[in-house]
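Let me begin by presenting the structure, written as structure tokens, before commenting on it.
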Amino acid sequence: MNNQDTGETLLEFPCAFPIKIMGRMEDAFAATMVEVVLRHAPDFDAASVSMKASSGNKYLSLTCTINATSKQQLDDLYREISAHPLVVMAL
């Protein structure tokens, strides 16, 4: 049985946890993703988001480092981000 089967994680909480979110270059992308992150991590500092455009300016990558408090919090956040229509990929 591995850690995923038992619901365990190798992370020790609380911890700083970077989340990388990639989506198409659209006006609402960054603001919408910050709203999603804040729903799951209310203490997240939106001013700390780092953004990088792709070489062709078609995609935007955001890195949001949250103070993760539990595996459940991260799972819920990744589920909502991944299901969002503006998101291409989340790591």
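The values are calculated or read from the model by the stated rules, or taken from the named source; none is laboratory data. Model, not experiment: these values are computed from the prediction. Note that we place each Cβ from the backbone using ideal geometry, even for glycine, and neighbour counts take in every protein chain shown.
Residues in the range 57-77 that are assigned to a helix (DSSP H, G or I) and in contact with a helix residue (DSSP H, G or I) (Cβ under 9 Å, 6 or more places away or on another chain): 4 in all.
Show the residue pairs that are 6+ apart or on different chains and have beta-carbon atoms under 9 Å apart, the first residue being within the range 19-31 and free of Cβ contacts under 8 Å to residues at least 60 places away in the same chain, the second being small (Gly, Ala, Ser) and not in a loop (DSSP other than H, G, I, E, B). Every condition considered, the pairs that remain are MET25/ALA53; PHE29/GLY23; ALA30/GLY23; ALA31/ALA46. Pairs meeting the criteria (first residue in the range 49-66 and farther than 14 Å from ALA30 by Cα, second residue crowded, with 16+ Cβ neighbours inside 10 Å, beta carbons under 6 Å, at least 6 apart or on different chains) are ILE66/PHE17; ILE66/ALA41; ILE66/PHE44.
Condition check ((1) hydrophobic (A, V, I, L, M, F, W, C); (2) crowded, with 17+ Cβ neighbours inside 10 Å; (3) in a loop (DSSP other than H, G, I, E, B)) across all residues:
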| residue | (1), (2), (3) |
| --- | --- |
| THR9 | no, no, yes |
| ALA31 | yes, no, no |
| VAL36 | yes, yes, no |
| PRO42 | no, no, yes |
| MET51 | yes, no, no |
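May I ask you to verify whether PRO18 is part of a loop (DSSP other than H, G, I, E, B) and at pLDDT 95 or above? No; evaluated as a whole, the condition is false for this residue.
Going by what's in this entry, would HIS84 be described as touching an Asp or Glu at 6+ places or on another chain (Cβ under 7 Å) and either surrounded by 13 or more Cβ atoms within 10 Å (Cβ to Cβ) or charged (D, E, K, R) (or both)?
Working: touching an Asp or Glu at 6+ places or on another chain (Cβ under 7 Å): no; either surrounded by 13 or more Cβ atoms within 10 Å (Cβ to Cβ) or charged (D, E, K, R) (or both): yes.
No, not satisfied.
Would you call PRO14 exposed (fewer than 14 other Cβ atoms within 10 Å of the Cβ), of a type outside the set (Lys, Arg) and over 10 Å from the mean Cα position of the chain (by Cα)? Yes; evaluated as a whole, the condition is true for this residue.
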